[in-house]
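The values are calculated or read from the model by the stated rules, or taken from the named source; none is laboratory data. Because the structure is a prediction, the values reported are computed rather than measured. Because the Cβ atoms are built from the backbone with ideal geometry, glycine has one as well, and the counts that use them run over all protein chains shown. All accessible areas refer to the heavy atoms of the entire protein, side chains included, with ligands and DNA or RNA removed. Shrake-Rupley method; radii C 1.70, N 1.55, O 1.52, S 1.80 Å.
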Amino acid sequence: MEKFDMLGPFELNEEGIDGNVPESPGVYALGYLDEDDSFVVCYVGRSDDILNEKLTGWVDAIARYTHFQYVTTESAQEAFIQECHNYHDYGGSDILYNSNHPYRTEKTDWVCPRCPFYGR
């Protein structure tokens, strides 16, 4: 699967989300801008259905998360696979604030393309 270039960063507020993010499945990264205005990724996630709503739930949730990046996907499975790639690319739980490997949607047999977490 190809690596997706995420759009953004955008401010993590209702205007930044509603003005940029469609209602579709997708993946996102939350973080902040450093002193050089470079986006620092702190957390990665996904939405299997409405990315716009998922991001809206993060507004004002954690002060450190001031910006986000995202990319839409064609399906929930594609979002899961891309979230796994992002999780590993950005250092997993050793570096990210994600406490666990991305979960797979119930009643699926999806596997992580990068590790044996779900038993390839």
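Key figures
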item	result
Of all accessible heavy-atom area on the chain, the percent that carbon and sulfur account for (1.4 Å)	45
Sparse-neighbourhood loop sites, trypsin sites (Lys or Arg not before Pro) in the range 36-68 - DSSP loop, at most 15 other Cβ within 10 angstrom	ARG64
Accessible surface, per residue, of the chain when the full set of protein chains is kept, probe 1.4 Å, Å²	56
With at most 14 other Cβ atoms within 10 Å, longest stretch of the chain clear of loop GluC sites (Glu not before Pro) (DSSP)	36-73
Student exercise, the range 1-113 dipole from Lys, Arg, Asp, Glu Cβ charges, in Debye to nearest 20	420
Approximate spin-label separation SER93-ASN13, in nm, with each point projected 7 Å along Cα-to-Cβ	3.5
Calculated [θ] (222 nm, deg cm²/dmol) that DSSP helices of n ≥ 4 give over the chain, each run adding -39,500 (n - 2.57)	-6000 deg cm²/dmol
DSSP-assigned coil residues among chymotrypsin sites (Phe, Trp or Tyr not before Pro) in the range 24-120, each with at most 14 further Cβ atoms within 10 Å	TYR97, TYR103
For PRO25, net neighbour charge (Lys/Arg +1, Asp/Glu -1) across residues whose Cβ lies under 15 Å away	-4
Which label in [x] 36, 27, 24; [y] 80, 33, 26; [z] 40, 30, 26 gives the computed Cα extents along the principal axes in Å	[z]
Cα centroid separation, the range 89-120 to the range 1-57 (Å)	19
FRET efficiency, SER38 to THR105 (Cβ-Cβ, R0 30 Å, nearest 0.05)	0.35
Between helix 76-89 and the chain: long-axis angle, C-alpha atoms, 0 to 90°, nearest 10	70
